[in-house]
Amino acid sequence: MKAAAFDYHAPESVDAAVALLAELGDEAKVLAGGQSLVPVMAMRLGRPEHIVDVNRIEALAGATRSNGTLRVGALTRHRDLETDVLIRDSVPLLARAAPHIGHFQIRNRGTVGGSLAHADSAAELPAVTVALDAEIEVRSSRGSRRIRAADFFVSIFMTALEPDELVTAVHLPVWGRGCGFAVAEFARRHGDFALAGAACGVQVDGGRIVRAAVGLIGMGGVPVRARPAEQALTGADAHGADLVSTGRDAVAALDPPSDAHGSAAYRRHLGAQMITQALGRALAEAQGQDRNPGQSQAGGTA
Amino acid sequence: MDVNLIVNGERCRARVEPRKTLADLLREDLGLTGTHLGCEHGVCGSCTVLLDGLAVRSCLMFGVQADGSEVTSVEGLAGDPESLSLVQRAFQETHGLQCGFCTPGFVISVTAFLAEVPDPTDEQIRDGLSGNLCRCTGYQGIVQAVRLAARLRREERAETSG
Ligand SMILES: Cc1cc2nc3c(=O)[nH]c(=O)nc-3n(C[C@H](O)[C@H](O)[C@H](O)COP(=O)(O)OP(=O)(O)OC[C@H]3O[C@@H](n4cnc5c(N)ncnc54)[C@H](O)[C@@H]3O)c2cc1C
Ligand code: FES
Ligand code: FES
């Protein structure tokens, strides 16, 4: 359980890091929180010749907000998603997802960029970015580009990232008033990767659902966005929404993995339940924040 | 590569291969074998140390990454080697350990946990302990240790402030 030998580089700027990646090509691996890469190296599933440690690049950490978008730097730690007030207020779904990632000792090191680049479909943050239509900002010595989350996750543990590209940030939309967010997942033990889960956002105006976002965790080779569920909910009366059938319909056409932890059918069953739970909580929160609850026509109790 | 860091309050210098983890640096180069290695891939928590005050897995960091940082291992918790920290005393009193293999990791994690959640509920305690595995105790004594440590800690604080 010891990593093979490698050359260690610790650049202090993004420019220096991408120059190294350009020079070293696919012999190099970026090291961020190390919570996935170091185990891979210890088990010799990967033997990079060069490690480009980005932990000294201060410009990669932290969040800023402008024009209705939150930009979260790649080196922002999972812990900061819970504690940073700007992040929590701007994109609450990030703060709700973070406590589900491993244990606090893992969240103290693990980073947003690392989670996205690692692209585990059972991970929380990829599902959040897909649900919210986030864009992933990447840089190489050739320049900078933004990739929509839906296009970033290509297949199992595969992303659209080129070997010389560094994830520098993720851009997420800030929703307006009347919103609610929730993450529900089922894991065998607390802190384990989930067998199935859902990350949801709902916006309510005048007693009606005006926006819904549903991202699924562990329900396919890539994080899945449950568009049929979103479409079924959008425009629906917030009180009358049938979340049980929404959950059931959302997973009907999915083909989640079947393995020692659970069969595909079991995962579909859990996935439906998690969607129903997460939507229920998100909807309750959104209704509490509804700007115009009095305008609700059908929902008598509003 | 040369690494300069502060370990348990003392400046240390070591020359290490980049592939060596922080746990190996502590154990082999600095002779601090209180930090234990169980799984070496982040699952068991026995290697947990404080890095600039935050609990982290020392098996998931390379030693060279700790250059310029401050590390606290179980040896440094009490301040002097002859005494026990409050959390260590609580483990001793409640039988929060049997073989003791997992204990350094638990003690470090609990120290960090109580700094953030000084008055935890039982549910918060169990959540806070979820990143450390113990194969002996069945966890009941450990949960009690955290309850006791939280109480002792609050009493100590009340005394010093009042
Ligand atoms: C015990 C345990 C439990 C865990 N449980 C969960 C869980 O429940 N949910 C979950 O989501 N995760 C979990 N994780 C994984 C954890 O979240 C990782 O931190 C995360 O997946 C990777 O982030 P990192 O910053 O540690 O990346 P690293 O491990 O440093 O890197 C991971 C991969 O991403 C690449 N990379 C990293 N940063 C960049 C960048 N900026 N640009 C380009 N490539 C980059 C690396 O080259 C590597 O291939 C767990 C880990 C452990 C050890
Ligand atoms: S040895 Fe580090 S977590 Fe098990
Ligand atoms: S006391 Fe033996 S492993 Fe915990």
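Things worth noting here:
- Verdict on B:Leu60 being within 10 Å of chain A (Cβ to nearest Cβ), buried (at least 18 other Cβ atoms within 10 Å of the Cβ) and free of Cβ contacts under 8 Å to residues at least 40 places away in the same chain: yes
- Among residues of the stretch A:175-196 that are within 14 Å of chain B (Cβ to nearest Cβ), those with a Cβ under 6 angstrom from a residue that is not small (Gly, Ala, Ser) and not in a strand (DSSP E or B), sequence gap 6+ or separate chain, pair up as A:Gly191/A:His103.
- Checking each residue in the stretch B:37-49 for being within 16 Å of ligand 3 (Cβ to nearest atom) and more than 9 Å from chain A (Cβ to nearest Cβ) picks out B:Gly38, B:Cys44, B:Ser46, B:Cys47.
- Wholly within the stretch B:39-94, strands (runs of 3 or more DSSP E) carrying at least 3 residues that are within 13 Å of the chain's Cα centre (by Cα) and either within 16 Å of ligand 2 (Cβ to nearest atom) or basic (Lys, Arg) (or both): B:48-51, B:54-57
- Within the stretch B:95-128, being small (Gly, Ala, Ser) and under 15 Å from B:Arg57 (Cβ atoms) holds for B:Gly105, B:Ser109, B:Ala112.
- Positions within the stretch B:114-150 being of a type in the set (A, V, I, L, M, F, W, C), near ligand 3 (Cβ under 10 Å from one of its atoms) and either under 22 Å from A:Ile101 (Cβ atoms) or open to solvent by 50 Å² or more (accessible area, probe 1.4 Å) (or both), in sequence order: B:Leu133, B:Cys136
- The selection criterion, being in a helix (DSSP H, G or I), hydroxyl-bearing (Ser, Thr, Tyr) and either within 13 Å of ligand 3 (Cβ to nearest atom) or in contact with a helix residue (DSSP H, G or I) (Cβ under 9 Å, 6 or more places away or on another chain) (or both), holds for B:Thr111.
- Number of the exception - B:Asp80 against (1) at pLDDT below 95; (2) within 16 Å of ligand 1 (Cβ to nearest atom): (2)
- When the stretch A:58-68 is filtered for residues that are within 17 Å of A:His78 (Cα to Cα) and open to solvent by less than 70 Å² (accessible area, probe 1.4 Å), the ones remaining, listed by number, are A:Leu60, A:Ala61, A:Gly62, A:Ala63.
- Matching entry among B:Gly141, B:Gly105 (being more than 13 Å from chain A (Cβ to nearest Cβ) and either touching a residue at least 40 places away in the same chain (Cβ under 8 Å) or not charged (D, E, K, R) (or both)): B:Gly141
- Tabulated pairs, the stretch B:10-24, first open to solvent by 30 Å² or more (accessible area, probe 1.4 Å), second among the charged types (D, E, K, R), C-beta under 7 angstrom, 6+ apart or interchain: B:Arg13/B:Asp2; B:Arg15/B:Asp2; B:Arg19/A:Lys2
- Considering only residues in the stretch A:96-127 that are assigned to a helix (DSSP H, G or I) and among the β-branched types (Val, Ile, Thr), the one that is farthest from the other protein chains (Cβ to nearest Cβ) turns out to be A:Val112.
- Only one of the numbered conditions (1) in contact with a strand residue (DSSP E or B) (Cβ under 9 Å, 6 or more places away or on another chain); (2) open to solvent by less than 40 Å² (accessible area, probe 1.4 Å); (3) more than 14 Å from chain A (Cβ to nearest Cβ) is violated by B:Gly34, and that is (1).
The values are calculated or read from the model by the stated rules, or taken from the named source; none is laboratory data. Quantities reported herein were computed from a predicted structural model and do not represent experimental measurements. Because the Cβ atoms are built from the backbone with ideal geometry, glycine has one as well, and the counts that use them run over all protein chains shown. Accessible surface is based on the protein model in full, side chains and every heavy atom, while ligands, DNA and RNA are left aside. Shrake-Rupley method; radii C 1.70, N 1.55, O 1.52, S 1.80 Å.
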